[in-house]
1. Please enumerate the residues belonging to the range 255-275 that are farther than 20 Å from Pro173 by Cβ, surrounded by 12 or more Cβ atoms within 10 Å (Cβ to Cβ) and either out of contact with any helix residue (DSSP H, G or I) (no Cβ under 9 Å at 6 or more places or on another chain) or free of Cβ contacts under 8 Å to residues at least 60 places away in the same chain (or both).
2. May I ask you to verify whether Asp43 is of a type outside the set (Val, Ile, Thr), more than 13 Å from Tyr116 (Cβ to Cβ) and assigned to a helix (DSSP H, G or I)?
3. Those residues that are open to solvent by 50 Å² or more (accessible area, probe 1.4 Å), free of Cβ contacts under 8 Å to residues at least 12 places away in the same chain and not charged (D, E, K, R), I need them from the range 467-496; list them, please.
4. Say whether the condition of being on the phi < 0 side of the Ramachandran plot, open to solvent by less than 100 Å² (accessible area, probe 1.4 Å) and modelled with pLDDT of 80 or more is met by at least one residue in the range 401-417.
5. Out of (1) assigned to a helix (DSSP H, G or I); (2) hydrophobic (A, V, I, L, M, F, W, C); (3) in contact with a strand residue (DSSP E or B) (Cβ under 8 Å, 6 or more places away or on another chain); (4) open to solvent by less than 50 Å² (accessible area, probe 1.4 Å), what's the single condition that is false for Leu504?
6. Would it be correct to say that Ser329 is within 29 Å of the chain's Cα centre (by Cα) and surrounded by fewer than 18 Cβ atoms within 10 Å (Cβ to Cβ)?
7. Could you tell me whether any residue of the range 111-125 is touching a Leu at 6+ places or on another chain (Cβ under 6 Å) and either under 26 Å from Glu270 (Cβ atoms) or in a helix (DSSP H, G or I) (or both)?
Amino acid sequence: MSICPICINPEGTPAVEVPVMYVPNETARLFEHSTRAEQEFSDKPVVAKFCIGIARYVQSPLLEYMSLGDAITSISIHKHQNLLPEEKIKFAIDSIFVDVACLVGVKINDAIRSQYLSVAIQYIAGLGPRKASSLIRGIESNGGILIRRDDLVLNGLTTKNIFMNCAPFFEIPSPDRYDKDVELLDATRIHPEDYELARKMAADALDLTEEEKQEIDQEEGGVVGKLFDEGTDKLDELLLEGYADQLEEHGHRKRSTLEMIKEELQNSYEELRKSFHILTSDEVFHLLTNESKETFQRGMLVTTIIQRIDNRFIMGNTQSGILCNLQRSNIVPYGEDWNLMAKYQTGQAIQAAVKSIDYDTFRAELSLLKDDLSNAFTGRKIEKFKGLWDFEAEQRDIQKELQADKVDTNKKRILKHPYFRNMNAKQAEDYLASKTNGEFVIRPSSKGVNHLTITWKIDNHLFQHIDVIESDKTNEYSLGRTLQVGNFKYHDLDELIVSHIHTLASKVEALKNHEKFRSEPMNDIKDWLVISVWCSS
């Protein structure tokens, strides 16, 4: 959490400081374009609906997740969840919702009055979407309020079995003044079948005789109300262990129930969940960049787009929005005298090694020195622990790859052209990664000697592999006199390069230069579209 000054005094000090909290926006993203948002806030622009979704998440994350319905499966909960059928994921999430809804409870009368709050009722034990909807209609037709839990059965709103399952999870807060029509224990998690046990505990705590208990029970609030008035700390004097032993002698296993009754009488419906989670700096980094310490770390090879060039340094941005800085000492080898402004250009994509990363400020120091690049790795670094890592299997795989490379070497094709390289697809992409957009290589095709492949760089991390069919060949290893790409035919490679590859590159460049083109990540594009629509409405 950070502090944002919203007003500055003449002395330059902030007059009012507002805490700024980063929260996950996954529920708000789904809410802003949902039918539910349109029904509730049809007069609000999309960006306002997004803000409402964020505010609701801060107030009650549980309700926001519950309100997503079937769309909850689109939320990323685990990196391998796509390996499971969607219905299994939904079933597991619904089971968790039931557990948490019963832990937290539902203020039933507030839920009846609010369609937003009522979404939690279906996750109460013994109910479900259909029974919850029927219960809501039943309460609305009986005055729109539930005064006591037992009214669920007495008014025919639920069956006895359903009542026994759901009753303790419906909270009916106690009124400011006691009333004979109100059951104070309805404001606790105590099950109705244990109400008499709770009253006896209250009477014992107050040291009342049976006659005194019966007399007080005739008064408003009864013995429970008197305990509340005199202080529930009297319950601490009870010997619950001995009482539990007596009950077990009569076949009643109520040891944990007695403890729960005591806790509820002292702190009814106390919050049992963990405190609201404030995102750590690492989580904020992942939220805003979609990167983590595993995907962006020291020693990793990353691609950055140059934004500014000076002979002393280069500044750039990754596609995930991380600001990258390259000092001259990390670009030019010792003893060399390069003109950085002549060697590099703005908008150029370069691959560099991460020297250091500040996850709090989203800044990284990179290096283009040969030693740093050769020692850099791509993707997640795998720790090889003895006893856990199969080193023998690794060596067998390495030998297989070496053997495969040896076979490929024996099948290498010789073609006299400046752009021809004996590479496979992966090698071609690695070779072009640090090149400028539009660069290409011509390479052998895995489809056979009657094919060539041209791999060209469209943009950062984006390549196209074009299949070229050769015909009218003088022999197996010569270049075909006719080269065909799709429906287009060319007489030689130079014609194909000028008429096809360069044309494609120029069209892509024209597309990128269009005023409507954006190269930011998808989340930023959505933000830009929302703001544009909002500003024009």
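1. Listed by number, the residues that qualify are Arg255, Glu259.
2. Judged against the criteria, Asp43 is not a match.
3. The answer is Thr474, Asn475, Gly486, Asn487, His491.
4. Checked the range 401-417: at least one residue is on the phi < 0 side of the Ramachandran plot, open to solvent by less than 100 Å² (accessible area, probe 1.4 Å) and modelled with pLDDT of 80 or more.
5. The failed condition is (4).
6. Values: within 29 Å of the chain's Cα centre (by Cα): no; surrounded by fewer than 18 Cβ atoms within 10 Å (Cβ to Cβ): yes.
No.
7. Yes, the range 111-125 contains a residue that is touching a Leu at 6+ places or on another chain (Cβ under 6 Å) and either under 26 Å from Glu270 (Cβ atoms) or in a helix (DSSP H, G or I) (or both).
Residues are listed down the side, and each one gets a yes or a no for (1) touching a residue at least 40 places away in the same chain (Cβ under 8 Å); (2) assigned to a strand (DSSP E or B); (3) over 20 Å from Tyr431 (Cβ atoms); (4) out of contact with any Cys (no Cβ under 7 Å at 6 or more places or on another chain):
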| site | (1), (2), (3), (4) |
| --- | --- |
| Leu301 | yes, yes, no, yes |
| Leu326 | yes, yes, yes, yes |
| Met341 | no, no, yes, yes |
| Val354 | yes, yes, yes, yes |
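The values are calculated or read from the model by the stated rules, or taken from the named source; none is laboratory data. These numbers were taken from a predicted model, which means no experiment stands behind them. Note: ideal-geometry Cβ built from the backbone for every residue, glycine included; neighbour counts use all protein chains shown. Calculation scope for accessible area: heavy atoms of the full protein, side chains included, ligands and nucleic acids excluded. Shrake-Rupley method; radii C 1.70, N 1.55, O 1.52, S 1.80 Å.
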